[in-house]
Each structure stands twice: as C-alpha cells, then as structure tokens.
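Data block below; observations after.
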Amino acid sequence: MKTPLELALSCPKAELHVHIEGTLEPELAFALARRNGIALPHADIDALRAAYDFADLQSFLDLYYACADVLRTEADFHDLMLAYLQRARADGVVHAEIFFDPQTHTARGIPFETVLRGLEAGAAEAREAWGMSTQLILCFLRHLPETDAEATLEAALPFIDRIHGFGLDSSERGHPPAKFARVFERCRALGKPVVAHAGEEGPPAYIVEALDVLKVARIDHGVRASEDPALLDRLAREAMPLTVCPLSNVRLRVFEEMREHSLPALLARGLVVTLNSDDPAYFGGYLGNNLRAVQQAFDFDAATWKTLLGNSFRASFIDPARRAAWLAEVERHFA
Ligand code: HPA
Ligand code: ZN
C-alpha cells in the first residue's frame with residue numbers, strides 16, 4: 001500500500017506558478033557566469049547559497065534580479081528551461097505554465113527574441129524527449145511604470161502567437177493591480193488569459209482588484225484571502241483558482257512556519273487550490289519538495305491529494321480534451 005504522499009509524488013501533475021528565472025540554480029549561475037565572462041556578486045556557490053536567507057519578498061527579489069544578470073544568450077535561456085523541465089519531470093510534472101520576466105533582460109540589452117527563442121528551444125527539447133507540454137506566460141514587473149509594461153507588450157506583439165498569457169509579478173506592496181488596468185485590457189483584447197500575483201504580501205483588497213479590474217483567470221498566491229471571509233466565499237463561488245506556493249510563503253515569511261499556512265483553511269472553504277514551486281532554486285525545492293513539506297505539516301489523506309493534483313489540471317490553460325484525459329489519469333492513479 002502506497003502512502004498518500006507516495007501517491008501524490010507519483011501522480012501526473014501540472015505546475016502553474018513557476019518563474020523560469022527562479023529556477024536558476026547556483027551551479028548553473030556560476031557556469032553561465034564563466035561561459036559569459038562575467039562576475040557574480042558572490043565568491044562561490046556556497047556563498048551564494050548562504051545568501052538565500054530572506055526577510056521578505058523584496059530581499060529575495062534583489063538577489064533574484066542580480067543573479068539573472070548571468071543570462072545573456074539564447075543558449076543560456078535554453079539551458080535554464082531544460083534544467084527546470086528535467087527536475088519538474090522527476091516530480092511527475094507533465095505540463096508546465098511558466099512565467100518569464102522579459103523586462104529583467106531587455107533592460108540589460110538582451111533582445112526579447114533571444115529570451116523567447118532560448119526558452120522555446122529548451123521546451124521543444126523536453127517535449128521531444130519526454131512528451132512534456134509547456135506554455136509561456138509573460139509577466140510584467142509591477143515595480144516599474146505601466147508605460148514600461150506597454151512597451152514590453154509592443155515588443156512581444158511580433159511573437160504574440162507564441163505567448164500563451166500574461167501575468168504580473170515583482171514587488172507587491174504599493175503596486176496594486178489597478179496600476180496595470182490599461183495594459184491588461186490590451187492583453188485581454190488580444191484574446192489572452194491573464195493572471196496576477198495578489199495577496200502574497202499584499203492585502204486581500206489586491207485580490208479583489210485583480211478580479212474586478214484585471215479580470216484574471218487565476219490568482220497567483222492569494223494566500224491572504226484567508227483574512228477576508230467575504231472574499232473566500234466569492235473565490236469559492238466563482239471557482240477561482242489560487243496557485244499556492246507553500247515553500248515560497250515560508251521562505252519569504254508570509255507564514256513563519258508551514259503549520260501556520262492558510263492552505264488547510266482555503267481547502268476547507270472548497271477553493272480551487274493548486275500547489276506550485278514559484279522560485280524553486282531559491283526556496284528549498286521543486287514541486288516534490290513542496291508536497292513533502294505540506295504533508296509533513298498537514299498529513300493530508302489521499303482524497304485531499306487527489307483534489308489538489310486534479311486542481312492542477314482543472315486550473316490549467318490546456319485544451320479541454322487534454323484536461324479531461326489528464327483528470328481521468330489522476331482518477332485512475334488514486335483508484
Ligand atoms: N512574488 C512576486 N514576484 C516574483 C516572485 C514572487 O514570489 N518570484 C519572482 N517574481
Ligand atoms: Zn510567483
């Protein structure tokens with residue numbers, strides 16, 4: 001008899017909230033720095049890993065943007081994508097919807113097309129080798145003005161068929177979703193689904209704004225919804241998915257310990273919760289480690305795991321026939 005955790009780990013699953021720049025492991029960061037003849041702000045791999053001690057979201061973002069400087073060529077983005085998908089596959093991920101932050105790269109003079117082509121090449125290799133499917137979600141950086149996001153959308157337009165949707169990330173506090181009302185309206189007019197980080201460090205009101213103003217199809221994080229009973233009712237009624245990232249939330253001190261995480265409360269309200277790794281190189285592991293940490297804290301039964309892993313497909317942007325097929329697989333897996 002398999003334990004609920006063993007069943008969960010071996011179940012096919014989708015990952016819906018992972019920043020490709022956040023999958024940059026220290027080993028690869030130093031290898032790319034060497035390849036590109038540039039220096040990192042840390043002496044070696046151990047020194048860099050020792051810096052992964054974050055007080056909040058901003059202290060993480062400062063290091064995340066600094067490390068992204070080693071990503072320069074199409075080959076670098078290819079290697080980054082392939083390394084992530086290889087690790088995700090080991091955790092049973094069959095489909096991944098992956099965030100990328102073009103502004104982090106175009107601001108350093110890296111062409112948008114270099115980033116996109118590299119990421120696509122890595123994804124194509126994983127599709128051919130392992131049958132994994134991927135979709136790219138372009139995230140706008142919310143600490144920058146909306147006009148910068150508009151310019152990024154312009155740069156993306158020639159490649160729009162290769163971008164599945166749009167998101168909003170970076171420093172949440174002081175940068176409410178409504179700051180990006182106009183650019184998100186343009187994204188939706190292009191027929192693209194939109195998502196936004198909300199209620200990670202920011203208040204529940206930012207989740208409401210993401211729903212009402214940005215008209216998102218999913219909320220990224222959303223864990224602070226637990227502070228607002230009326231919002232919980234609405235999220236349940238609208239079956240609005242939350243892409244929850246447990247290890248991220250503990251590492252960034254949204255919750256001091258996993259046992260204090262709002263995940264059980266969100267599940268108890270019947271919300272469509274999914275589990276994800278966010279920035280796995282920085283937060284203590286990929287999706288499998290997130291599942292292990294959750295199980296250690298909450299000891300979920302097999303039925304709860306079936307719901308969580310089924311939700312990863314229910315909340316995904318894959319086409320309805322493939323969604324139904326994967327849901328049937330999950331059902332068989334837990335039968
Ligand atoms: N929150 C906001 N922005 C981000 C994150 C995150 O966890 N990771 C990368 N960009
Ligand atoms: Zn995130």
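Six or more apart or on different chains, Cβ atoms under 8 Å: show the pairs whose first residue is in region 5-22 and under 30 Å from Arg117 (Cα atoms) and part of a helix (DSSP H, G or I) and whose second is within 16 Å of ligand 2 (Cβ to nearest atom) and among the polar types (S, T, N, Q). From region 5-22, the pairs are Glu21/Thr104. Would you confirm whether any residue within region 75-92 is within 16 Å of ligand 2 (Cβ to nearest atom) and either over 25 Å from Ala156 (Cα atoms) or in contact with a Cys (Cβ under 6 Å, 6 or more places away or on another chain) (or both)? Among the residues of region 75-92, at least one is within 16 Å of ligand 2 (Cβ to nearest atom) and either over 25 Å from Ala156 (Cα atoms) or in contact with a Cys (Cβ under 6 Å, 6 or more places away or on another chain) (or both), which makes the answer yes.
Evaluation of Asp169 against the conditions (1) within 20 Å of the chain's Cα centre (by Cα); (2) surrounded by fewer than 18 Cβ atoms within 10 Å (Cβ to Cβ); (3) among the acidic types (Asp, Glu) shows that the sole unmet condition is (2).
From the set of residues in region 132-169 that are assigned to a helix (DSSP H, G or I) and closer than 15 Å to Phe317 by Cβ, which is nearest to ligand 1 (Cβ to nearest atom)? Here the residue is Arg162.
Conditions tested, residue by residue: (1) farther than 27 Å from Val254 by Cβ; (2) within 16 Å of ligand 1 (Cβ to nearest atom); (3) among the hydrophobic types (A, V, I, L, M, F, W, C).
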| residue | (1), (2), (3) |
| --- | --- |
| Thr23 | no, yes, no |
| Arg35 | yes, no, no |
| Asp56 | no, yes, no |
| Tyr64 | no, yes, no |
| Cys67 | no, yes, yes |
| Arg72 | yes, no, no |
| Ala75 | yes, no, yes |
| Arg87 | no, no, no |
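Just one residue in the set Val272, Val330, Val254 is within 16 Å of ligand 2 (Cβ to nearest atom), of a type outside the set (Lys, Arg) and touching a residue at least 24 places away in the same chain (Cβ under 8 Å); that residue is Val254.
Does Pro246 qualify as being on the phi < 0 side of the Ramachandran plot and more than 15 Å from ligand 1 (Cβ to nearest atom)? Taking the combined requirement at face value, the residue does not satisfy it.
Please work out if Gly131 is surrounded by fewer than 18 Cβ atoms within 10 Å (Cβ to Cβ), free of Cβ contacts under 8 Å to residues at least 24 places away in the same chain and on the phi > 0 side of the Ramachandran plot. Criteria not met by Gly131. Per the listing Arg224, Arg259, the residue uniquely surrounded by fewer than 17 Cβ atoms within 10 Å (Cβ to Cβ), in contact (Cβ under 8 Å) with a residue 12 or more places away in the chain and not acidic (Asp, Glu) is Arg259. Filtering region 203-243 to residues that are within 18 Å of the chain's Cα centre (by Cα) and either of a type in the set (S, T, N, Q) or at positive phi (or both) leaves His221, Gly222, Thr243. Arg186 meets the conditions (1) among the charged types (D, E, K, R); (2) away from ligand 2 (no atom under 15 Å from the Cβ); (3) crowded, with 19+ Cβ neighbours inside 10 Å in every case but one. The failed one is (3).
Does region 195-217 hold any residues that are more than 15 Å from ligand 2 (Cβ to nearest atom), over 15 Å from Gly174 (Cα atoms) and either of a type in the set (A, V, I, L, M) or not in a loop (DSSP other than H, G, I, E, B) (or both), and which are they? Val208, Leu211, Asp212, Val213, Leu214, Ala217, listed by residue number. For region 118-128, the tally of residues that are crowded, with 16+ Cβ neighbours inside 10 Å and farther than 13 Å from Ala88 by Cβ stands at 5. The listed residues are Asn289, Asn311, and the only one of them that is within 28 Å of Pro193 (Cα to Cα) and either at pLDDT below 95 or not in a loop (DSSP other than H, G, I, E, B) (or both) turns out to be Asn311. Here His175 clears all of (1) away from ligand 1 (no atom under 16 Å from the Cβ); (2) surrounded by fewer than 24 Cβ atoms within 10 Å (Cβ to Cβ) except the condition numbered (1).
Just one of the listed residues (Ala39, Ala55, Ala47) is more than 16 Å from ligand 2 (Cβ to nearest atom), surrounded by fewer than 15 Cβ atoms within 10 Å (Cβ to Cβ), modelled with pLDDT under 95 and over 23 Å from Ala324 (Cα atoms), and it is Ala39. Within region 271-291, none of the residues are of a type in the set (D, E, K, R) and surrounded by fewer than 23 Cβ atoms within 10 Å (Cβ to Cβ).
The values are calculated or read from the model by the stated rules, or taken from the named source; none is laboratory data. These figures come from a predicted structure and were not determined experimentally. Backbone-built Cβ (ideal geometry, glycine too); neighbour counts: all protein chains shown.
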